[in-house]
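The values are calculated or read from the model by the stated rules, or taken from the named source; none is laboratory data. What you see is a predicted model; the values in this text were computed from it and never measured. Quick reminder, even Gly has a Cβ in these numbers, built from the backbone with ideal geometry, and neighbours come from all protein chains shown.
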Amino acid sequence: MAGSIPESAYADRIVPGASVAGDRRWDALRRATRARLAPFGAAVLLVAIVVALAAPLLAPYDPLAQNLGNSLARPGRAHWLGTDNVGRDVLSRVIWGTRVSLVAGFVSVAIAALAGGVLGMLAGYAGGRADGVVMRLMDAVLSFPPLVLALALGAVLGAGLTGVLLALGVVYTPTFARLMRGQVLSVKTRDYVDAARALGASGWWIARHHVLPNAATPIVVQASLSVAFAILAEASLSFLGLGVQPPAASWGSMINAGRGYLQQAPWIVFGPGAALFVTVVGLNFVGDAIRDGLDPRLTR
Amino acid sequence: MAEVVVRRLLATVPVLFLVTAGVFLLLHLTPGDPVDAMMAESVDAGAKESLRRELGLDRPIAVQYVAWMGRLVRGDLGRSIRNGEPVIENVSRRLRPSLQLAVLAMGISLLVAFPVAIVSALRHNTGVDRAGTTFALFGICMPNFLLALLLIFVFGVTLRWLPISGYLDPFDEGWPGLRSLVLPAVTLGLALAAVITRTLRSSLLEALGEDYVRTARAKGLSEWVVIRGHVLKNALIPVVTVLGLQLGTLIGGAVITEYVFALPGVGRLVVDAVFARDYPLVQGVILLIALGFIVSNLLVDLLYGWIDPRIRLR
């Protein structure tokens with residue numbers, strides 16, 4: 001590949017005007033807000049983010065403070081969602097658990113998008129043997145049922161949030177790698193890429209200016225849809241005992257701890273259960289809206 | 001068709017090789033010494049050394065891998081370090097409850113999804129349709145373990161209609177055995193039903209707009225004949241694809257369901273092995289589950305080609 005040429009000289013010829021890009025962004029936003037349930041999803045996501053960030057201010061009690069004299073207390077004025085078997089305030093623990101869920105959802109998907117993006121780009125660009133090796137590796141990861149693979153990886157990496165984040169990152173990587181590879185294969189045969197090459201642009205320059213902007217849309221759509229499922233997966237692993245370890249609060253581990261008290265104190269399960277369900281539903285709506293907004297095929 | 005099968009089988013070979021290598025490396029991903037992770041600190045050094053020798057961990061990793069693959073090819077998946085039994089025996093003992101759960105769940109999901117999707121599609125954009133799509137959304141977003149606990153709370157704890165945990169083999173115990181599987185099967189079946197409903201509804205809507213449906217109606221065929229003979233047959237293809245894609249989720253769901261309902265199946269075995277840090281058992285069971293998953297996906301692919309001649313001809 002020939003040496004790279006100054007970016008400014010080349011960019012003037014092919015990059016569309018800023019106003020056109022701006023219009024496109026507004027079109028995407030208009031399409032996204034047209035989805036009926038998007039506002040609900042956005043509100044849920046916004047509330048979840050605020051709650052996660054302001055957990056120390058919003059939680060009425062210390063989420064770890066035990067009060068054995070007030071265990072299994074019904075929901076009431078003092079404890080809106082009741083207390084658990086050792087007298088901890090369920091609402092405070094649900095509020096702190098929001099942090100764990102959001103971190104798990106966003107960080108594991110970010111790890112997967114980054115790793116998958118790089119691997120997919122490598123496979124699509126290099127082609128040949130590198131493509132074969134990377135894609136067979138991704139097929140091998142996809143040969144395991146996701147939760148079973150996450151469980152096995154979580155087991156060897158050790159219980160705790162870091163292990164879960166890495167395990168979920170690995171599980172979701174192939175999806176992003178396949179997406180990115182597909183985009184690279186499609187973009188690299190386009191005329192404007194040939195033109196860029198003829199003008200002496202380097203492979204890296206083409207990847208940064210043509211492949212990445214084109215691949216960004218499907219990656220963002222996939223990421224937004226994956227976050228909800230990553231939150232569910234983290235809750236499942238925490239429920240099984242692999243996630244954040246007690247006494248720290250996570251929705252999955254709270255539900256597991258409460259299932260022994262389902263008869264006397266169902267609120268221990270249903271408080272975090274409702275938070276988990278509403279968050280996942282909201283994120284699904286947001287994901288759908290982002291897909292509708294960014295996928296122009298839906299507007300045809 | 002034979003050529004497709006051979007091509008598909010050949011494509012599986014490198015993946016199988018990588019899967020076995022991945023499962024082998026699982027043990028070596030453990031931070032620190034895997035033997036220390038498997039045995040308590042109090043266990044004396046002699047016992048640890050003996051386990052290290054038994055697992056071959058005292059040899060170079062390449063030698064370990066060749067020896068492990070050699071045993072694998074002969075069908076030896078190793079032994080559990082807890083009960084000393086071969087992995088195959090551990091799994092075969094647990095296979096029956098898992099298969100019964102899977103078959104029942106699949107049956108429930110089809111029984112629920114087909115009527116809901118058909119009614120939703122026929123009454124498109126009405127209250128019935130909205131109820132159907134809400135059900136689908138509810139099922140997709142509801143975590144398996146939460147649905148299980150909801151069902152336990154309503155039908156086990158409050159109404160006391162069904163047992164909330166434990167397992168009796170329906171083939172030996174009859175009705176009490178079947179009752180022990182109802183709640184786990186409904187838990188697993190509803191999640192799958194939601195996904196099938198969503199897919200089938202949209203493919204039915206697409207098929208209902210086709211010219212051949214208008215022609216069938218114009219011929220004077222009854223609505224039921226049109227649905228059964230023309231619409232449903234064409235709408236089934238995406239459902240098979242989705243079923244294939246959902247297999248992994250179904251297996252994951254089975255792990256959680258068996259754990260919640262204390263069902264002694266393969267899923268429960270995985271969780272128990274993970275928490276007992278019985279790594280040889282974890283390796284063996286994960287490998288068998290992955291092989292089962294690969295074979296099922298292969299069958300779904302072939303089934304897809306068999307249902308839709310256009311794919312076979314491609």
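May I ask you to list the residues in the stretch A:125-152 that are over 18 Å from B:Gly253 (Cα atoms) and without any contact (Cβ under 8 Å) to a residue 24 or more places away in the chain?
The answer is A:Ala126, A:Gly127, A:Gly128, A:Arg129, A:Ala130, A:Gly132, A:Val133, A:Arg136, A:Leu137, A:Ala140.
So which residues in the stretch A:43-89 are of a type in the set (Ser, Thr, Tyr) and assigned to a loop (DSSP other than H, G, I, E, B), if there are any at all?
A:Tyr61, A:Ser71
Answer with yes or no whether B:Arg268 is charged (D, E, K, R) and modelled with pLDDT under 85.
Against the criterion (charged (D, E, K, R) and modelled with pLDDT under 85), B:Arg268 does not qualify.
Of the residues in the stretch B:224-238, how many are in contact (Cβ under 8 Å) with a residue 24 or more places away in the chain and either out of contact with any Ser or Thr (no Cβ under 7 Å at 6 or more places or on another chain) or buried (at least 21 other Cβ atoms within 10 Å of the Cβ) (or both)?
7
With the checklist (1) in a loop (DSSP other than H, G, I, E, B); (2) within 27 Å of B:Phe293 (Cα to Cα); (3) within 14 Å of chain A (Cβ to nearest Cβ) in hand, flag the one item B:Gly75 doesn't pass.
In the conditions (1) in a loop (DSSP other than H, G, I, E, B); (2) within 27 Å of B:Phe293 (Cα to Cα); (3) within 14 Å of chain A (Cβ to nearest Cβ), B:Gly75 misses (3) alone.
What pairs come up if the first residue lies in the stretch A:202-216 and is more than 15 Å from A:Asp191 (Cβ to Cβ), the second is modelled with pLDDT of 80 or more and crowded, with 19+ Cβ neighbours inside 10 Å, and their beta carbons are under 6 Å apart, counting only those six or more places apart or on different chains?
A:Ala215/A:Met180; A:Ala215/A:Gln183
Which ones in the stretch A:123-167 are among the small types (Gly, Ala, Ser), buried (at least 20 other Cβ atoms within 10 Å of the Cβ) and away from every other protein chain (no Cβ under 11 Å)?
A:Ala123, A:Gly124
All but one of (1) under 18 Å from B:Gln283 (Cβ atoms); (2) in contact (Cβ under 8 Å) with a residue 12 or more places away in the chain hold for B:Asp33; which doesn't?
Among (1) under 18 Å from B:Gln283 (Cβ atoms); (2) in contact (Cβ under 8 Å) with a residue 12 or more places away in the chain, B:Asp33 violates only (2).
Count, please, the residues in the stretch B:236-248 that happen to be more than 7 Å from chain A (Cβ to nearest Cβ) and under 12 Å from the mean Cα position of the chain (by Cα).
Of the residues in the stretch B:236-248, 5 are more than 7 Å from chain A (Cβ to nearest Cβ) and under 12 Å from the mean Cα position of the chain (by Cα).
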